[in-house]
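*Asks:* My structure is below; once you've seen it, I'll send some questions.
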Amino acid sequence: MSSAARPEMPDAVIVSAVRSPIGRARKGSLAGMRPDDLTTQVVRAALDAVPQLDPTEIEDLLLGCGLPGGEQGHNLARIVAVELGLDTLPGVTVTRYCSSSLQTARMAAHAIRAGEGDVFLAAGVETVSRFDKGSSDGLPGTHSPSFADAEARTERVAAEGADSWHDPRADGAVPDAYIAMGQTAENVALREGVTREEMDHFAVRSQNRAGTSLADGFWAREITPITLGDGSIADTDDSPRPGTTYDAVASLEPVFRPDGRVTAGNACPLNDGAATLVIMSASRAEALGIIPLARIVSTGVSALSPEIMGLGPIEASGRALARAGMTIDDVDLVEINEAFAAQVIPSARGLGMSDDAMEQKLNVHGGSIAVGHPFGMTGARIATTLINGLRTRDASIGLETMCVGGGQGMAMVLERLS
């Protein structure tokens, strides 16, 4: 078939977007929840929001999970499908670390545009509280010896500190592909000249904006209550600390290096949570009488040195925006995942955002430093928050982006439709 005769690719639209509350790992509201049980409740809530849809129409359940081992193993997506009673629903569990459920949304959009299905579930989950039952990473003796010298270099810097970051490739050496995320944040802060004061002020901003949004009912609009094992209900995020002051955050000691800038106050906590997007072709949504929430305009993925992974949003967002025929000035709201203040600040600047644009458009309801970051959940959670934010502010175009462990970035452009 000639290119001129090819049919136009169908649009992929999000028709339902829900998330659980986000619990504090090991001591919070969801610490007793298995990841399969948690995900099942959230997927069911997402489907309940579109009663016109017959679940037997769903082509595939795509489940993002950052560390799919232990209770999160066993191809968790398929476990969830069977728990839902949907024995004929296929399922695949996908990891791209922090962007795992942004990856599932991308996969759903690609399949729809390729004409290989009309309805998909793009979900994400992470229950750090359950990692004592096992995880996909961290077993002794599993790292490649190719990175032994690089890991030793990271250990030395962690113990002694550093006053700059130097790309090991410039010396013919390999970067540390297994580097801890906190060490990458310290490298980014050094490379980009992000001060401890800037980082702490940004963290306070995140906490207090999240607190304001909580009081305004913003978060309640996107959270589905979760029934716990004892029959009680969890319906509020555990981690936000409204009223956080700069002095309190500035008093915290660095966590990763003796001379470091990253603290527990200007980094995201460890968390539990799940989120689900129902994604379908625009034509199928119209046929079912479902009004879409948003259209997936474009996506982008990129890579860079693992040692400065926090800057991944810059290139990934640039690619997604270019595919959308847009620039950052066309975007009404920007959500950069707040793994660390050390990387959000220079990523926003690298996108071309002025200080005023950052104040008016960036993470306006608070971000993961306050709300939390369950790795596999976050991509779908941010999409849900972005849609909520666009509707709340009667805005049109949103950008979601994040850094990814191992040295990657990922981004998605959404257009609000209702």
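*Asks:* Based only on Cα atoms, what mean projected area does the convex hull of region 165-225 have, in nm²? Walk me through the numbers on the way to the answer.
*Replies:* On the way: hull surface 26.6 nm².
With the hull built on Cα positions only, its mean projection is 6.6 nm².
*Asks:* Using only alpha-carbon positions, what ratio does the radius of gyration of region 294-342 give when scaled by 2.2 N^0.38 Å?
*Replies:* On the way: Rg = 11.8 Å, N = 49, 2.2 N^0.38 = 9.7 Å.
Against the compact-globule rule of thumb, the ratio is 1.22.
*Asks:* What is the distance in Å between the Cα centres of region 1-70 and region 254-301?
*Replies:* Each part's Cα centre sits 11 Å from the other's.
*Asks:* Which values of log₁₀ I(q)/I(0), to two decimal places, follow from the Debye formula for region 278-408 at q = 0.12 Å⁻¹ with a uniform point scatterer at every Cα?
*Replies:* Values returned for q = 0.12 Å⁻¹ are -0.46.
*Asks:* Got a sec? How would TYR246, TYR97, TYR178 order by Cβ neighbour count within 10 Å, fewest to most?
*Replies:* Details: TYR246 14, TYR97 24, TYR178 17.
Result, fewest neighbours first: TYR246, TYR178, TYR97.
*Asks:* Once you wrap a convex hull around the alpha carbon atoms of region 204-337, what is its projected area averaged over all directions, in nm²?
*Replies:* Values: hull surface 52.1 nm².
Orientation-averaged projected area of the Cα hull: 13.0 nm².
*Asks:* SER164 to ASP48: FRET efficiency via 1/(1 + (r/R0)^6), r the Cβ-Cβ distance, R0 51 Å, to the nearest 0.05?
*Replies:* Details: r = 53 Å, r/R0 = 1.04.
Efficiency, from the Cβ-Cβ distance: 0.45.
*Asks:* Now, a different point. Counting only helical runs of four or more DSSP H residues, what would the 222 nm mean residue ellipticity of the chain come to if each run contributes -39,500 (n - 2.57) and the total is spread over all its residues? Spell out each step's value before the answer.
*Replies:* On the way: 13 runs with 142 residues, N = 418.
Counting only the DSSP helices, I get -10500 deg cm²/dmol.
*Asks:* Moving on. For region 10-168, compute Rh as the Kirkwood radius over C-alpha pairs and then the Stokes-Einstein diffusion coefficient at 37 °C and 0.692 mPa s; write the answer in µm²/s, rounded to an integer.
*Replies:* Numbers: Rh = 17.7 Å.
Calculated translational D: 185 µm²/s.
*Asks:* Taking 0.36 nm per residue of separation and subtracting the Cα-Cα distance, what length does fully extending SER136 through ALA303 add?
*Replies:* Values: separation 167, 0.36 × 167 = 60.12 nm, distance 2.18 nm.
Result for the pair: 57.9 nm of gain on full extension.
*Asks:* Can I ask one more? Check VAL297: other-chain or 5+ apart residues with amide H under 5 Å from its amide H, H built from backbone geometry?
*Replies:* Under 5 Å from the amide H of VAL297: VAL413, LEU414, GLU415.
*Asks:* Enumerate the calculated ³J(HN,Hα) couplings along region 66-73 in order (Karplus 6.51 cos²θ - 1.76 cosθ + 1.60, θ = phi - 60°), each rounded to whole Hz, writing x wherever the residue is Gly or Pro.
*Replies:* The phi angles translate into x, 10, x, x, x, 5, 8, x Hz.
*Asks:* Considering the values (i) 69, 50, 39; (ii) 115, 41, 35; (iii) 62, 56, 47, which represents Cα extents along the principal axes in Å as calculated for the structure under consideration?
*Replies:* Read-out taken from this structure: (iii).
*Asks:* 5 Å is the cut-off here: which amide hydrogens, built 1.01 Å from N in the peptide plane, fall below it relative to PHE256, excluding neighbours closer than 5 in sequence?
*Replies:* Amide H neighbours of PHE256: VAL262.
*Asks:* Taking θ as phi - 60°, what are the ³J(HN,Hα) couplings along region 232-248 by the Karplus curve (6.51, -1.76, 1.60), each to the nearest whole Hz, with x for Gly and Pro?
*Replies:* Each residue's phi maps through the Karplus curve to give 6, 10, 10, 9, 9, 4, 7, 7, x, 10, x, x, 4, 10, 4, 4, 5 Hz.
*Asks:* Of all alpha-carbon pairs in region 134-195, indicate the percentage at a distance above 12 angstrom. Write out the running numbers ahead of the final one.
*Replies:* On the way: 1363 of 1891 pairs.
In whole percent, the share of Cα-Cα pairs in region 134-195 beyond 12 Å is 72.
*Asks:* Short version: ³J(HN,Hα) in whole Hz for each residue of region 370-382, in order, from phi by Karplus 6.51 cos²θ - 1.76 cosθ + 1.60 (θ = phi - 60°), x for Gly and Pro, what are they?
*Replies:* 8, 7, x, 9, x, 3, x, 7, 4, x, 6, 5, 5
*Asks:* How many percent of all Cα-Cα pairs in region 183-264 sit more than 16 Å apart?
*Replies:* On the way: 2069 of 3321 pairs.
Here the tail beyond 16 Å accounts for 62 percent of pairs.
*Asks:* May I pose another question? Extending each Cα 7 Å along its Cβ direction at ASP230 and THR56, get the distance between those two points in nm, one decimal.
*Replies:* Here the answer is 4.2 nm between the modelled labels.
*Asks:* With r defined as the distance between the Cβ atoms of SER144 and SER354 and R0 fixed at 56 Å, what FRET efficiency is calculated, to the nearest 0.05?
*Replies:* Numbers: r = 42 Å, r/R0 = 0.76.
Between SER144 and SER354 the formula returns 0.85.
*Asks:* For region 119-223, what number results from the quotient of the Cα radius of gyration and 2.2 N^0.38 Å?
*Replies:* Numbers: Rg = 19.5 Å, N = 105, 2.2 N^0.38 = 12.9 Å.
Its radius of gyration relative to the 2.2 N^0.38 Å reference: 1.51.
*Asks:* Across all directions of projection, what mean area in square nanometres is found for the Cα convex hull of region 262-313? All intermediate terms of the calculation are to be shown ahead of the outcome.
*Replies:* Values: hull surface 25.5 nm².
It is 6.4 nm².
*Asks:* Limiting things to C-alpha atoms, what are the Rg and the maximum Cα-Cα separation (Dmax) for region 1-71, in angstroms?
*Replies:* 17.8, 59
*Asks:* Would you give the gap between the C-alpha center of region 332-374 and the C-alpha center of region 111-174, rounded to a whole Å?
*Replies:* The distance from the Cα centre of region 332-374 to that of region 111-174 comes to 22 Å.
*Asks:* Related question: Out of residues 5 or more away from ASP237 or on other chains, whose amide H comes under 5 Å of its own, with H placed 1.01 Å from N in the peptide plane?
*Replies:* The list, which skips near neighbours in sequence, is ILE22.
Values quoted throughout were computed directly from the atomic coordinates according to the rules given, and no laboratory measurement underlies them. Since this is a predicted model, take the numbers as computed values, not measurements. Note that each Cβ is placed from the backbone with ideal geometry, even for glycine, and that neighbours are counted across all protein chains shown.
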